Every structure is written in C-alpha cells, then in structure tokens.
1. In this structure, does Asp304 turn out to be part of a loop (DSSP other than H, G, I, E, B) and either over 30 Å from Glu60 (Cα atoms) or of a type in the set (S, T, N, Q) (or both)?
2. Can Leu321 be described as surrounded by fewer than 19 Cβ atoms within 10 Å (Cβ to Cβ) and not in a loop (DSSP other than H, G, I, E, B)?
3. Could you tell me which residue of the stretch 49-82 is surrounded by the most Cβ atoms within 10 Å (Cβ to Cβ), considering only residues that are touching a strand residue (DSSP E or B) at 6+ places or on another chain (Cβ under 6 Å) and not β-branched (Val, Ile, Thr)?
4. What about Cys326, is it under 18 Å from the mean Cα position of the chain (by Cα) and at pLDDT below 95?
5. Can you tell me which residue in the stretch 256-279 is farthest from Pro25 (Cα to Cα), limited to those that are part of a helix (DSSP H, G or I) and hydroxyl-bearing (Ser, Thr, Tyr)?
6. Determine whether Leu173 is within 18 Å of Asn37 (Cα to Cα) and surrounded by 21 or more Cβ atoms within 10 Å (Cβ to Cβ).
7. If we scan the stretch 65-88, do we find a residue that is of a type in the set (Lys, Arg), under 30 Å from Lys147 (Cβ atoms) and at pLDDT 95 or above?
8. Being surrounded by 21 or more Cβ atoms within 10 Å (Cβ to Cβ), β-branched (Val, Ile, Thr) and in a loop (DSSP other than H, G, I, E, B) is the requirement here; does Thr253 meet it?
Amino acid sequence: MEELNKKETLSYNISYFLNFPFVIPRFINFGLTHRCNLRCNICETYEENPKVEDELTIEELKKTISEIGNWGDINISFAGGEPLIRKEDLLECIKHAKKKKLTTHVTTNGLLLTKRIAKEIVNSGLDYLQISLDGSTKETNDYIRDKGSFDGAMKAIDYILEAKNNNDSNLRLSITTVVTDVNLDELLDIYVIVKEKDLHEVAYNPYNIDTSYMKSKDYDEDEFWVQDKNIKKLRKICEELIELKKKEGKIGTPFLTLKLMPEYFKKKQRFNSGICLAGFSYMYIKPNGYVDICGKGPSLNVRDHNIKEIWYSLTFAKTRLLIRKCRRPCLMLCFPRIENWW
C-alpha cells in the first residue's frame, strides 16, 4: 500500500480518535474463495474452507463492485485461497470493475496460469498482478510454499511478460514475498530477479505466525519466525532494502514497515509500534459475503447490505473498537500504520 501523505495522516488520526470514518477505504479485498491448489507451510487459509455453494455468485460480486464504483475512487483486489480457481468469475469481475473505473489488483501463486490465461488476464484490463515468490531458489521456495511452486511462479511471470509485450499492456507485474527465517539469505536475490526481469516491484511482507488471527502460537518453536540470532542479519537486509528503495524504487514495502520489521520479529508479542488503521483503510469481503477484518466481527453481509452502508454502520463501528483493542503483533502491508502520536 502507498505511503500516507500529511493530509491523509491527519484524516486517519481524527478518524481513529473519534472512531468514525472521515475517510473511505483505500482497499477493498474480495476473497473469491478459500480453495487453493497449494498447501503452503506459512498459510492456513485453505483450512477455512467454507462450502463452495456459499461463495458469492458472479451476480452478487458484480453488484458489490458496482456499489464500490458508485462510492468512490477505491482500489479493489481479488485474492483467495487461489483466485484463479474461479478464473472465469475473476476475469468477469475485473472487466466489470474497469467499466466502473476502479483500480484492480490480483494476487496469485501463478501455477494455474497458462499462455492462454495470461493473455486473457492482460486483455481483461487488470492494473496490478502480484505473483507469490518466497525464495530465489527452487529449494527454498518450494519448502516454504509447496512442491512445484517455484517453477510455476517463474513460468507465470514469463507468460505474463510475453502477453504484455504482445498486447502493448500497461499491467504492472510484481512479486510478493513473505519474509521468514528460512529465506533471509535470498531476499536481496529476489530483488535482483525483479530488476533483471524489469518487473514493477517486489513487496516484502513480514511473516504472520497465524493467518487466521485467532490462534495462540509459540514463536520460539515456529521455524519460519525470524529468530533472535538472525535479527542482526535482518536489520542489515532491511537497511539495504531501504537504500535500494530510495535509489532505484521497485520495492513496494513502505519505509515504515522496513524500518519496523526487525523489531516486529524481535519483540514478538510485545510488538505494538504505531497505530493499526485496518478499520479505516480496509475492508475484507469473505467468500461467503461477510465483511470482516482479522476475525474481529461482528460483521454484516454484502448480500443483505450495501457496502457503503456497512462501512458507516454501528456494526462496523464495533468492529473498529475491537481492532483498536487488538494487541496481536502485526505488520501487514494491507494496513497503513502511523507511528505513535500521543
């Protein structure tokens, strides 16, 4: 997510203090499905697999997209699970969103991408495509994610680049990388891949020990949590990434996140630096239509309510209060943060 300017920072501060949104969401994320073709070691989303028949239909998805388009200039993204499992619905959603002049994002593991599908995605008008890559080598990436994921991601990148060149497309293709104890030595090499292939950028996301936001985990026993002995190494890497971002760009991670990342891993449960603005910047629409953030309901369903109505509802105000009380360590890129100001 882009850095906040001074005017936005002031608006978010006032909204946060009064628990009323004087802003509209910067991002609305559609979880098209919890179904996935991979079983990544760092993700539990596929375990939250609701009944397929409960997923929003294409008509319901388009209705909500139209409501967003009538509301304002809001980025919308489509993720999962793996969104390409619903490929036809995904393409139709992108095309409908572009008719409403919305900026569109998709995150995928890339394994379901073929040359034909790459062409369809490029021709859909999609603005941003992120492909997950958590290692610069097959061995590291496949250990973190799943067998075949490295080759699948690299092929997907090449297919999209070929389709872009053949169709004179402005689609911005990026890599998204989860920072873990396992891939520290390859983080800068992933940046090299981005440079060599002339991709839009790479976004480094610090590992979240619990993607359900509901369970209690042991940080010392989790092999992917950056351990104390490697914090110094991570700090040096983050300093290098900050300098690269200043000089060359191509790193989508905010400066504040890069600055805080070593402390996030070091402090574990004690990490609470800055204000989380999830309740004022972001809405997540679950595959079954319920709007929620980090499992902090109560929530309403887009089947029954206009998305703008949900944003200003008393129910969502209660969700914001629950988010405000949250003390879980978190440094997610989809939530802008403001350093403590009181």
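The values are calculated or read from the model by the stated rules, or taken from the named source; none is laboratory data. Keep in mind it's a predicted model, so treat the numbers as computed, not measured. Positions of Cβ are backbone-derived with ideal geometry, glycine not excepted, and every protein chain shown enters the neighbour counts.
1. Values: part of a loop (DSSP other than H, G, I, E, B): yes; either over 30 Å from Glu60 (Cα atoms) or of a type in the set (S, T, N, Q) (or both): no.
So Asp304 fails the test.
2. Criteria met by Leu321.
3. So the residue we want is Phe78.
4. No; evaluated as a whole, the condition is false for this residue.
5. Ranking the candidates gives Tyr264 first.
6. No: the conditions fail for Leu173.
7. The initial filter retains those residues of the stretch 65-88 that are of a type in the set (Lys, Arg), namely 86-87.
With the extra rule that they be under 30 Å from Lys147 (Cβ atoms), the set shrinks to 86-87.
Still in the list and also at pLDDT 95 or above: 86-87.
Scanning the stretch 65-88 turns up at least one residue that is of a type in the set (Lys, Arg), under 30 Å from Lys147 (Cβ atoms) and at pLDDT 95 or above.
8. yes
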